[in-house]
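Engineer: Please see the structure below; I have some questions.
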Amino acid sequence: MFPRSAVLALVLVWASPGGGVDRLTPEQKRLNIESFEHVWTTVRDKHWDPKLGGLDWQAVHDELLPQLERAATMEQARAVMEDMLSRLKQTHFDIVPATVYQEMEGDKGPGRTGIEVRVVEGRALVVSTEPDSPAAKSGVTPGWEIDRVDGKPLAPGLRKIDRNFRHSTLHDLMLEQAVFTRLAGGEGSHVKVGFRDARGRSTTIDMERARPRGSEFSFGNLPPLYFWVESRKVRPDVGYIRFNLFFAPETLNKAVENAVKDCAGCRGFIVDLRGNLGGIGGLAPGVAGWFLDQPGLRLGDMFLRSAKLKFVVFPRPSPFRGPLAILMDGCSASTSEIFAGGMQDLKRARVFGMRSAGAALPSMFERLPNGDGFQYAIANYISEGGKQLEGAGVIPDETAGPTRHELLEGRDPALDRALAWIESSRN
Amino acid sequence: MKRLPIRRTLAACAVMVLAAAGARLRAADDLPKAETILDKSVEATGGKAAFEKTHNMVITGSMELAAAGIKGSMVITKAEPDKSLVEIDLAGIGSVKQGYDGKVAWEINPMQGARIKDGDEKISSKREAHFHEENWRDDYKKVETVGAETVDGKDSYKLVLTPNEGSPVTQYYDKKTGLLVKSKMTVNTPNGDLEAETLFSDYRKEGDLLVAHKIQQTAAGQDIALTFDSYKFNVDLGKDKFDLPEDIKALVKK
């Protein structure tokens with residue numbers, strides 16, 4: 001359950017040789033065979049089910065290797081490897097063409113504009129700007145559309161990603177990441193962002209990238225990550241907390257504790273996990289403990305190759321017992337989904353927003369010798385209600401995603417619906 | 001070795017943060033009795049008289065989950081008859097504490113907060129806290145030698161120890177030295193029972209006792225290395241060392 005941001009960051013710095021429809025050179029054929037063997041061996045050695053559900057993996061290898069050896073183009077070679085993975089009949093085992101990676105390259109350092117973006121119907125929309133960020137200081141507001149970065153249009157790349165991930169729950173996350181990485185760069189470096197503002201006028205703003213929001217935290221082999229948490233009352237009697245990662249356990253739990261204590265008499269509480277990419281899995285039940293008062297409950301089970309781990313929740317001394325709303329979107333992943341899916345199954349929370357990224361497992365991305373990407377999951381996760389979140393995501397109880405018009409009007413449909421539900425729960 | 005208190009406590013500590021050689025079984029009647037092997041181990045690690053002169057101990061060291069790049073420091077404090085406090089500071093996670101005061105088994109960690117252990121987990125904590133474990137007969141209702149195996153290049157006896165409460169533990173003792181070299185046990189955690197395999201090495205004398213300075217544990221597919229730098233015995237711990245923390249007291253009152 002490593003934060004996908006870190007995984008993606010690793011992906012982004014890799015070089016990416018091109019694919020294309022040209023016929024393969026002997027060297028490319030050799031690299032494809034090497035890639036095929038790597039994919040096959042990785043699944044054999046790392047899949048959580050050593051029996052692969054009864055699949056004769058060796059037979060799959062022996063059947064498909066000759067086809068790979070006959071492949072004349074990258075597309076044909078890729079299709080053979082995708083065929084191999086499709087025999088597993090499981091999501092999040094995928095071959096990602098090298099050209100897709102090229103669209104996500106560009107993250108050169110911890111400098112940010114402070115723009116939070118979502119791609120809605122092919123358009124990259126600003127959904128918020130971080131306080132005191134370069135974007136906020138430049139007057140950028142929610143609803144503005146980003147159409148080019150450093151003079152390069154976004155649309156062609158977004159269309160390519162849209163095609164490749166159209167049927168994947170990762171669709172929204174991949175689109176968001178593509179824009180995010182275009183905007184990111186070294187701290188102090190400049191980026192020219194082309195917008196269509198509220199009136200539809202084109203405008204270009206030169207921004208100097210600043211340090212990312214929050215504090216830098218390290219955990220194990222992960223590169224340093226920036227963590228932030230904010231809480232307030234969105235109404236006098238409704239508490240609200242949002243954080244970008246399940247990270248920095250002492251800081252996060254203290255923030256949740258304070259928010260809950262400040263809201264002891266509140267009518268309702270909102271946990272906003274939109275854009276939260278996950279983090280340390282054990283923090284999902286840890287945070288859940290602030291909202292559950294019954295011992296012995298769990299959010300779900302994770303099945304590793306050598307063990308089954310239960311996500312047991314231990315109620316905190318004075319948990320919040322009123323209506324709980326959780327906000328999600330397509331950029332909510334991993335530990336966020338474990339938290340939201342489990343709380344939804346326990347009927348402790350109602351979920352508002354968009355379907356989550358369906359990346360509830362510690363899935364890994366690697367780059368293959370032939371330049372393509374390889375994604376594979378190393379564990380299975382089943383929520384308390386028996387749902388497999390991987391590849392499916394958390395389905396909101398009430399679907400609500402923003403349009404450009406709503407954003408320009410300063411509205412937040414998911415938050416509005418959550419507030420309305422809390423209001424209706426008063427009696 | 002100050003054997004069992006250290007071994008069992010550290011084995012549990014390692015699993016808390018996580019998330020054999022081939023058998024050459026021999027006929028049981030060819031093997032020494034388990035009681036003989038366990039008594040020999042007590043003698044090999046200092047002898048009963050040396051253990052009886054010890055009333056408390058403080059162990060300091062470090063731990064590492066190399067694959068994940070996670071490191072931390074740890075302090076283990078134990079006192080007779082059955083008090084225990086384990087304090088671990090893990091980079092990126094924070095401070096983890098576990099204790100047993102003779103009645104209540106508890107844990108406070110940055111992920112889940114404070115909780116009281118019960119069931120099999122409490123039984124394990126209680127047994128781990130038993131200070132004079134050289135009196136192993138107090139803890140185990142049945143011990144049995146079930147075979148011989150090679151562990152880390154050492155010919156060893158394989159014993160199964162059945163505690164008065166809880167699951168059996170398998171332990172391996174070096175035939176030559178009598179020292180414990182490996183254990184296999186089911187560790188009860190709130191997230192489920194995990195099979196843990198632990199190797200003990202780098203035995204060196206501390207005071208009158210021979211103790212392991214390195215432990216390598218594998219559980220749930222993760223390897224944890226523990227290294228102990230310092231053992232202190234019969235130190236002034238103060239009166240309240242094992243008192244329940246306020247968060248735990250609040251849970252006890254509930």
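Engineer: What net charge do the residues around residue A:373 carry, taking every other residue with its C-beta under 9 Å from that of residue A:373, with Lys and Arg at +1 and Asp and Glu at -1?
Structural biologist: Its environment carries a net charge of -2.
Engineer: Right, here's the next one. Each residue of the stretch A:180-187 in order: what ³J(HN,Hα) in whole Hz does its phi give by Karplus 6.51 cos²θ - 1.76 cosθ + 1.60, θ = phi - 60°, with x for Gly and Pro?
Structural biologist: Result, rounded to whole Hz: 3, 6, 5, 7, 7, x, x, 4.
Engineer: Measuring from label point to label point, each 7 Å out along Cα→Cβ, what is the residue B:80 to residue B:60 span in nm?
Structural biologist: 2.6
Engineer: Under Stokes-Einstein, with the Kirkwood radius over Cα pairs standing in for Rh, what whole-number D in µm²/s applies to the protein assembly as shown at 25 °C and 0.890 mPa s?
Structural biologist: Using the Kirkwood radius from Cα pairs, D works out to 89 µm²/s.
Engineer: I'd like the Karplus ³J(HN,Hα) series for the stretch A:209-217: coefficients 6.51, -1.76, 1.60, θ = phi - 60°, whole numbers in Hz, and an x wherever there's a Gly or Pro.
Structural biologist: Using θ = phi - 60°, the values come out as 5, 10, 4, x, 5, x, 10, 7, 10 Hz.
Engineer: What pairs from B:40/B:103; A:254/B:232; A:308/B:103; B:78/B:182 go past 26 Å between their alpha carbons?
Structural biologist: Working: B:40/B:103 32 Å; A:254/B:232 35 Å; A:308/B:103 30 Å; B:78/B:182 22 Å.
Violating the 26 Å Cα-Cα cut-off are B:40/B:103; A:254/B:232; A:308/B:103.
Engineer: Quick one: order B:134, B:165, B:149 by neighbouring beta-carbon count within 10 Å, fewest to most.
Structural biologist: B:165, B:149, B:134
Engineer: Whose amide H sits under 5 Å from the amide H of residue B:70, counting only residues 5 or more places off or on another chain, with H placed in the peptide plane?
Structural biologist: Placed amide hydrogens put B:65 under 5 Å from residue B:70.
Engineer: How far is helix A:249-262 tilted off the main Cα axis of chain A, in degrees rounded to 10, range 0 to 90?
Structural biologist: Roughly 30 degrees between the two axes.
Engineer: Something else: If I measure Cβ to Cβ between cysteines in chain A, which ones have no partner under 4.7 Å?
Structural biologist: A:331
Engineer: Over all directions, how big on average is the projection of the convex hull of the alpha-carbon atoms in chain B, in square nanometres?
Structural biologist: Projected over every direction and averaged, the Cα hull of chain B covers 13.2 nm².
Engineer: Placing +1 at every Lys and Arg Cβ and -1 at every Asp and Glu Cβ, with all other atoms neutral, what dipole size does the protein assembly as shown have around its Cα centre, in debye to the nearest 20?
Structural biologist: In debye, rounded to 20, the protein assembly as shown gives about 800.
Engineer: OK, next. Note down the nm distance, to one decimal, between modelled labels 7 Å out along Cα→Cβ at residue A:150 and at residue A:70.
Structural biologist: For the pair residue A:150/residue A:70, the computed spacing is 4.4 nm.
Engineer: Rounded to the nearest 10 degrees, what's the angle between the helix A:335-345 long axis and the longest principal axis of chain A, both from Cα atoms, 0 to 90?
Structural biologist: Roughly 60 degrees, rounded to the nearest 10.
Engineer: Report, ordered by chain and residue number, the aspartates and glutamates lying within cross-link reach of residue A:160, taken as a straight Cα distance under 16 Å and ignoring same-chain residues fewer than 8 apart.
Structural biologist: A:75, A:103, A:105, A:121, A:147, A:172, A:176, A:372
Engineer: In addition: Given A:357, A:371, A:399, which one lies farthest toward the positive end of the charge dipole of the stretch A:333-408, if we put +1 on the Cβ of every Lys and Arg and -1 on the Cβ of every Asp and Glu?
Structural biologist: Farthest towards the positive pole: A:399.
Engineer: Please give the net charge around residue A:230, taking every other residue with its beta carbon less than 14 angstrom from that of residue A:230, where Lys and Arg add +1 and Asp and Glu add -1.
Structural biologist: Its environment carries a net charge of +1.
Engineer: For the stretch B:43-104, taking Cα atoms only, what is the radius of gyration to one decimal and the Dmax to the nearest whole Å?
Structural biologist: Values for the stretch B:43-104 (Cα only, Rg and Dmax): 15.0, 43 Å.
Engineer: A further question follows. What length, rounded to one decimal in nm, is gained on full extension from residue A:166 through to residue A:411, with 0.36 nm per residue of separation minus their alpha-carbon distance?
Structural biologist: Extra length available between residue A:166 and residue A:411 comes to 85.5 nm.
Engineer: Do any of B:97/B:239; A:347/B:117; A:46/B:33; B:33/B:53; B:33/B:239 go past 30 Å between their Cα atoms, and which?
Structural biologist: Too far apart for the 30 Å limit: A:46/B:33; B:33/B:239.
Engineer: Still on this structure, I have one more. Could you work out how far helix A:26-46 tilts from the main Cα principal axis of chain A, as a 0 to 90 degree angle to the nearest 10?
Structural biologist: Between the helix axis and the principal axis of chain A, the angle is about 50 degrees.
Engineer: Follow-up. Report the one residue of A:346, A:309, A:385 whose Cα lies farthest in the direction of the positive end of the charge dipole of chain A (charges on C-beta: Lys and Arg +1, Asp and Glu -1; origin at the Cα centre).
Structural biologist: A:346
Laboratory data are not the source of any read-out in this text; all were calculated from the coordinates shown. Everything quoted here is computed from the prediction, not taken from an experiment. Cβ: placed from backbone, ideal geometry, glycine included. Neighbour counts: every protein chain shown.
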